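The values are calculated or read from the model by the stated rules, or taken from the named source; none is laboratory data. Please read these numbers as outputs of a predicted model, since none were measured by experiment. Here the Cβ positions follow ideal geometry from the backbone for every residue, glycine too, while neighbour counts run over all protein chains shown.
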């Protein structure tokens, strides 16, 4: 009588693992780059708003300029 080889079910090929890792890494890297650009754009927008209308920024986000 034959038995089910449970170990065979859980074995993975190192090539499969590498492919999956590379795919996931590239996805994360792409998302990180997108977020980096979005944050930079938002920071520039906030700076423009502050320069044009400083009162639009809540007091808690402002610091004293130490000259």
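Scoring residue 4 on the criteria (1) at pLDDT below 95; (2) surrounded by 10 or more Cβ atoms within 10 Å (Cβ to Cβ) leaves a single failure, condition (2).
Annotation note: Cβ proximity below 6 Å between a residue of the stretch 33-60 that is assigned to a helix (DSSP H, G or I) and a residue that is surrounded by 10 or more Cβ atoms within 10 Å (Cβ to Cβ) (sequence gap 6+ or interchain) occurs for 50/57; 56/49.
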